[in-house]
Amino acid sequence: MSLDLHPNDLSHVVAADRAHVWHHLSQHKQYESADPRVFVEGKGMRLWDTNGREYLDAVSGGVWTVNVGYGRESIANAVRDQLVKLNYYAGAAGTVPGALFAEKLIARMPGMSRVYYSNSGSEANEKVYKMVRQIAARQHGGRKWKILYRDRDYHGTTIGTLATSGQDQRAMQYGPYPDGFVRVPHCLEYRKQWDVANYGERAADAIEEVILREGPDTVGAIVLEPVTAGGGVITPPEGYWPRVQEICRKYDILLHIDEVVCGLGRTGTWFGYQHYGIQPDFVTMAKGVASGYAAISCTVTTERVFDMFKDDASDPMGYFRDISTFGGCTAGPVAALENMRIIEDEGLLENTTAMGERVLSNLRALQDRHPVIGDVRGKGLFCGAELVADRATKEPLDEKRVQAVVADCMGQGVIIGATNRSLPGLNNTLCLSPALIATPDDIDRITDAIDGALTRVMG
Ligand code: PLP
């Protein structure tokens with residue numbers, strides 16, 4: 001069945017959406033007075049809705065996913081060809097695209113060696129939490145079962161991953177949560193918690209303080225985003241990551257890097273952690289792996305960790321007793337193979353670095369003219385502008401006006417994002433994450449829209 005609809009059918013689609021679809025992250029009261037927006041088509045960085053209205057998408061599909069842009073026929077064709085050949089097999093056997101994508105991925109991740117497939121970022125992270133707990137049970141006599149997570153980071157929407165949500169509003173009212181997840185402070189220098197010169201090392205030392213308080217023999221792992229995404233685009237201060245690695249090694253704590261947003265080129269390298277010279281024990285990824293052309297996530301680990309699950313066949317508990325039904329879909333890895341080829345052949349890592357610098361330089365120019373921009377930060381094509389009511393006190397701009405800026409840009413046909421109902425009192429950072437194919441004109445159009453929006457909203 002083709003979904004090429006007659007224009008008359010499109011009003012029916014909107015009515016069906018309004019009547020039956022429960023939108024993610026949405027307060028539905030708004031649809032009593034306005035139609036929900038329903039997208040019909042995408043090409044490159046552009047989207048069209050049911051009214052035929054065109055948008056420039058600066059958030060890659062709402063949540064930083066469509067890294068290579070919309071309408072990629074080569075991915076669609078590769079998926080189609082694979083589906084008619086073999087769509088699926090899960091359990092204790094592999095598939096051709098699963099094997100070939102794992103090989104290509106590992107070639108870009110020195111020190112890593114094994115890929116475990118599932119189909120969402122939350123699920124990929126849950127796999128690590130289970131592995132860490134099983135390692136604690138089998139290698140440490142049940143100790144080392146705690147997992148540290150950081151204030152303002154986010155790792156998913158399941159009860160397990162919400163237990164590691166550093167974004168309070170995401171987790172509130174869905175508890176109680178399982179035990180053994182312990183929060184460490186964030187590292188955002190703009191909102192300093194320590195008045196010191198070597199801020200990065202000090203923020204990492206705060207992790208060590210938590211480890212010592214909890215007891216190093218009880219802590220098995222720490223999960224961290226390389227650049228905190230939805231928590232406000234937090235780039236790590238100088239000196240932070242080397243010290244984090246040192247602390248993990250000192251106390252034999254496994255380092256889990258959540259690359260669900262930063263992975264596959266978003267920050268200008270294949271993975272965000274690769275900017276900082278660190279060697280993780282686990283890396284999880286999802287959104288950009290297949291740019292939203294198919295659902296796929298990966299939990300990647302080292303041969304050292306893998307070996308801990310390779311006990312002899314006589315032990316019924318000596319392996320990772322886990323399955324992800326749709327981790328056996330071949331659409332994911334075949335789309336991911338083509339996605340990776342596109343990033344490489346079109347030089348999208350280099351483009352991301354260059355265009356990211358352009359976003360930051362445009363935002364800094366806006367900061368000179370708009371006192372409401374308190375801080376500008378970012379890495380590659382993941383950038384943020386933190387809005388404040390007062391630059392001296394850094395009082396966050398109220399969420400209503402932040403959302404008015406986002407809505408004004410939407411009115412201009414430019415989709416931008418903002419930290420949204422995740423951090424009480426701190427939902428004040430505009431987030432930009434265009435596709436890695438963005439051109440200088442696209443970037444200028446996005447920041448021009450923000451310029452106009454700030455002028456109108458702030459009067
Ligand atoms: N980790 C990070 C850093 C995320 O931003 C997200 C989602 O936004 C997730 C994990 C969860 O991914 P998913 O929604 O695919 O479960």
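The values are calculated or read from the model by the stated rules, or taken from the named source; none is laboratory data. It should be emphasised that the depicted structure is a prediction, and the values quoted were computed from it without experimental measurement. All Cβ positions, even for glycine, are placed from backbone atoms using ideal geometry, and neighbour counts span all protein chains on display.
In table form, for the structure just shown:
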| quantity | calculated |
| --- | --- |
| Residues located in the stretch 183-206, provided they are assigned to a loop (DSSP other than H, G, I, E, B) and of a type in the set (Asp, Glu) | 195 |
| Meets criteria (of a type in the set (Val, Ile, Thr), out of contact with any helix residue (DSSP H, G or I) (no Cβ under 8 Å at 6 or more places or on another chain), at negative phi and within 16 Å of the ligand (Cβ to nearest atom)) for residue 235 | yes |
| Any hit, the stretch 257-280, residues being of a type in the set (D, E, K, R), within 19 Å of residue 111 (Cα to Cα) and more than 10 Å from the ligand (Cβ to nearest atom) | no |
| Unique match (being over 23 Å from residue 117 (Cα atoms) and at pLDDT below 95) among 345, 315 | 315 |
| Filter pass, residue 365 being in contact with a helix residue (DSSP H, G or I) (Cβ under 9 Å, 6 or more places away or on another chain), surrounded by 15 or more Cβ atoms within 10 Å (Cβ to Cβ) and not polar (S, T, N, Q) | no |
| Verdict on residue 299 being in contact with a strand residue (DSSP E or B) (Cβ under 6 Å, 6 or more places away or on another chain), assigned by the TED database to the domain that holds residue 153 and in a loop (DSSP other than H, G, I, E, B) | no |
| Qualifying residue in the stretch 78-86 (condition: in contact (Cβ under 8 Å) with a residue 12 or more places away in the chain, of a type outside the set (Val, Ile, Thr) and within 16 Å of the ligand (Cβ to nearest atom)) | no |
| Single residue of the stretch 141-160 satisfying the filter (out of contact with any strand residue (DSSP E or B) (no Cβ under 7 Å at 6 or more places or on another chain) and closer than 20 Å to residue 214 by Cβ) that is nearest to the ligand (Cβ to nearest atom) | 160 |
| Odd one out for residue 37 among (1) in a loop (DSSP other than H, G, I, E, B); (2) under 22 Å from the mean Cα position of the chain (by Cα); (3) of a type outside the set (A, V, I, L, M, F, W, C); (4) surrounded by 12 or more Cβ atoms within 10 Å (Cβ to Cβ) | (2) |
| Checking residue 247 against (1) in contact with a Phe, Trp or Tyr (Cβ under 8 Å, 6 or more places away or on another chain); (2) of a type in the set (A, V, I, L, M); (3) more than 16 Å from the ligand (Cβ to nearest atom), the condition it does not meet | (1) |
| Only listed residue being within 16 Å of the ligand (Cβ to nearest atom), in contact (Cβ under 8 Å) with a residue 40 or more places away in the chain, crowded, with 21+ Cβ neighbours inside 10 Å and closer than 22 Å to residue 418 by Cα, chosen from 223, 227 | 227 |
| Strands (runs of 3 or more DSSP E) contained in the stretch 212-291 and holding at least 2 residues touching a Ser or Thr at 6+ places or on another chain (Cβ under 6 Å) | 282-285 |
